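One structure below.
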Ligand SMILES: Cc1cc2nc3c(=O)[nH]c(=O)nc-3n(C[C@H](O)[C@H](O)[C@H](O)COP(=O)(O)OP(=O)(O)OC[C@H]3O[C@@H](n4cnc5c(N)ncnc54)[C@H](O)[C@@H]3O)c2cc1C
């Protein structure tokens, strides 16, 4: 059995890395990640990060846009929290070395995306995610308390209940069983605290912009350990990908529409005006349903 650490982080995307950096001054951290350390949804994110950064924008407007785009399903307290925390978390990224694209006056350049009534997308050209991942990784590599294990797949959580093999009133995680792909051995990674930061499960769908790692492992592990899982219908999706029957789909970024690109039929005729007042910049669920409807109606 391996010697334990204070923190075990499963996953090396933006969630796992920022958590690791936030706790590393309080104890030892081990990060396990199932492929190379950069492979994640984070690496592929393009458009950027929405946050209130201009004087003609406000928390109220960002909150309202989010609640509207959420079609009444958002938890208002969560929206409030995320929107209001945004600028400070962006400043963390800047402190950690992310240089967001600036405009001619050297202010942060803000783009616009679907569902947003204001320009509020901070970005690094159209490679925001890989630059963020790279900047965080430099901090991780330099931190003496953090150790990264690549090609290590967490297969299940270790819990008190699993060890004593009987019902207990309140179960607790003690770490995770982790498969070292290089030699096929499963190790016990013990930790006082374990963070599951394994991202989504986009690969449950036949067509997705998500990379192969997005298989929902963490959700399954948490579920098996007795955690409640909810909102499983809300997986990130993109309405516009390049489709090729023999190649992987890749994202045609919404930022294109933010700059004025329009969705149209094969004939060149636009159609989004029939579905929403924001036309091609309508929220993603509306755009996706409109495209689906057009394709089915017109057989394109
Ligand atoms: C093409 C694309 C474009 C996007 N564009 C944007 C955008 O413009 N703006 C925006 O806000 N969001 C965007 N997103 C969404 C954004 O990338 C994600 O919401 C975000 O990166 C999720 O971060 P995460 O750390 O939770 O998960 P991820 O970045 O997916 O990281 C999960 C990590 O867990 C690891 N892992 C998984 N299972 C295991 C296991 N069993 N054991 C060990 N490790 C495991 C993975 O290898 C990976 O390192 C985009 C996503 C894609 C795919």
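No lab work stands behind these numbers, since they all come straight from the coordinates. None of these values were measured; they are calculated from a predicted model. Because the Cβ atoms are built from the backbone with ideal geometry, glycine has one as well, and the counts that use them run over all protein chains shown.
Points worth noting:
- Principal-axis analysis of the Cα atoms of the chain puts helix 284-298 at an angle of about 60° to the longest axis.
- Cα gyration tensor shape of segment 1-154, rounded if a/c is under 1.5, else prolate or oblate by comparing a/b with b/c: prolate
- Sorted on the mean count of surrounding Cβ atoms within 10 Å across their residues, most packed first, peptides 127-138, 167-178 read 127-138, 167-178.
- Against the chain, whose longest principal axis is taken from its Cα atoms, helix 128-142 shows a tilt of about 20°.
- Crossing angle, helix 14-23 versus the chain [Cα axis fit, 0-90 degrees, rounded to tens]: 50 degrees
- Within the chain, helix-based [θ] at 222 nm, where runs of 4 or more DSSP H residues each add -39,500 (n - 2.57), nearest 500: -9000 deg cm²/dmol
- The modelled label-to-label distance for the pair residue 246/residue 161, using points 7 Å beyond Cα in the direction of Cβ, is 4.9 nm.
- Note: relative contact order over the chain, using C-alpha pairs below 8 Å and six or more positions apart, is 22 percent.
- In terms of surrounding Cβ atoms within a 10 Å radius of their Cβ, 250, 234 rank from fewest to most as 234, 250.
- Ordering of 22-30, 150-158 by packing is 150-158, 22-30, highest average first (other Cβ atoms within 10 Å, averaged per residue).
- When each of the peptides 258-265, 217-224 is scored by how many other beta carbons lie within 10 Å of its residues on average, the order from highest to lowest is 217-224, 258-265.
- Full extension of the chain segment joining residue 58 with residue 171 gains 36.4 nm, where the gain is 0.36 nm per residue of separation less the Cα-Cα distance.
- Whether the chain is rounded, prolate or oblate, judged on the alpha carbon gyration tensor where a/c under 1.5 counts as rounded: prolate
- Shape of segment 241-298 from the C-alpha gyration tensor: oblate (a/c of 1.5 or more and a/b not above b/c, with a ≥ b ≥ c the square roots of its eigenvalues).
- FRET efficiency, 1/(1 + (r/R0)^6) with R0 45 Å, evaluated for residue 293 and residue 223 via beta carbons: 0.85
- With contacts taken as Cα pairs under 8 Å and at least 6 residues apart, segment 241-298 reaches a relative contact order of 19 percent.
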